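Working notes, beginning with the structure itself.
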Amino acid sequence: MNREDNVLTPVALEIILNAGNAREKSEEAIKYAHVGDFKNAHLSLEKARKMMLSAHHAQTEIIQKETQGDRFHLDLLFIHAQDTLMTIRSELNLRKEIIDLYEFIHHLTHQSK
């Protein structure tokens, strides 16, 4: 089977694109939080979560088809896409925690003034 025949290739690219965009938005969110702009930090984080959800839906669709009997030729690109999705999902969770900590520290330091 050549690459053009593999139906997973466009799905893999969709996953990588959405997950990568989510990474960029979550990095943007951290930068906002670092300077105390928590409104924009949370907005960027929400955009990142929506992008991750799109990537997750693409993966889930393939998993559901597989459980219904469809068989796919797995290739390195699709495996890379799944790895990318899981890595960035972890990064997103950690960045949310960091933003929450920035916000907590910000509120503590501004209450005492």
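The values are calculated or read from the model by the stated rules, or taken from the named source; none is laboratory data. Computed from a prediction, not measured in an experiment: that's the story for all the values here. Backbone-built Cβ (ideal geometry, glycine too); neighbour counts: all protein chains shown. When the accessible area is computed, the model is the full protein with side chains, heavy atoms only, and any ligands, DNA or RNA have been set aside. Shrake-Rupley method; radii C 1.70, N 1.55, O 1.52, S 1.80 Å.
Summary of values
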{"item": "Pair Thr109, Leu43: separation of 7 Å Cα→Cβ label points (nm)", "result": "2.3"}
{"item": "Alpha-carbon gyration tensor eigenvalues x 5, square-rooted, for the chain, Å", "result": "37, 11, 10"}
{"item": "Spatially close lysines, pair count over region 34-113: Cα under 30 Å, gap of eight or more or interchain", "result": "9"}
{"item": "Apportionment of accessible area to carbon and sulfur, region 70-113, percent (1.4 Å)", "result": "62"}
{"item": "For the chain, with +1 on Lys and Arg beta carbons and -1 on Asp and Glu, the positive-most of Leu92, Phe104, Ile30 along the dipole", "result": "Phe104"}
{"item": "Sparse-neighbourhood loop sites, trypsin sites (Lys or Arg not before Pro) in region 1-84 - DSSP loop, at most 12 other Cβ within 10 angstrom", "result": "Arg71"}
{"item": "Dipole magnitude (debye, nearest 20) for the chain, charges at Cβ of Lys, Arg, Asp, Glu", "result": "440"}
{"item": "Per-selection Kirkwood Rh - region 51-113 (Cα, Å, 1 d.p.)", "result": "14.5"}
